[in-house]
Amino acid sequence: YEFGTSSKEFMTVTSGTLTVKLPGQESWKAFRQGATFIVEPNQKFQVKVEGDASYLCLYR
């Protein structure tokens, strides 16, 4: 999946694992339950999942 941001986003994985390709990065990084990543405004990022996963997104 590809997502775009309009404001700064704090993404916290609440279950499972999200594999994320952050803006400006060449490689994918796995974020597991309890981990948080931040995406700045007006950026695009990609997410892969291989099983059930959920997250909480805080917009600032």
Problem set entry | Candidates LYS8, LYS21, LYS44, filtered to the one that is touching a Ser or Thr at 6+ places or on another chain (Cβ under 8 Å), modelled with pLDDT of 95 or more, closer than 19 Å to LEU58 by Cβ and of a type in the set (D, E, K, R) | LYS44
Seminar exercise, completed: In segment 11-36, residues that are out of contact with any Lys or Arg (no Cβ under 8 Å at 6 or more places or on another chain) and hydrophobic (A, V, I, L, M, F, W, C) total 4
For this session: Can you tell me which residue among ALA35, ALA30 is at pLDDT 95 or above, surrounded by fewer than 15 Cβ atoms within 10 Å (Cβ to Cβ) and out of contact with any Phe, Trp or Tyr (no Cβ under 9 Å at 6 or more places or on another chain)?
Result: ALA30
For this session: Find the residue count for segment 16-52, including only residues that are under 16 Å from GLU2 (Cα atoms) and either over 12 Å from the mean Cα position of the chain (by Cα) or assigned to a loop (DSSP other than H, G, I, E, B) (or both).
Result: 13
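The values are calculated or read from the model by the stated rules, or taken from the named source; none is laboratory data. What you see is a predicted model; the values in this text were computed from it and never measured. All Cβ positions, even for glycine, are placed from backbone atoms using ideal geometry, and neighbour counts span all protein chains on display.
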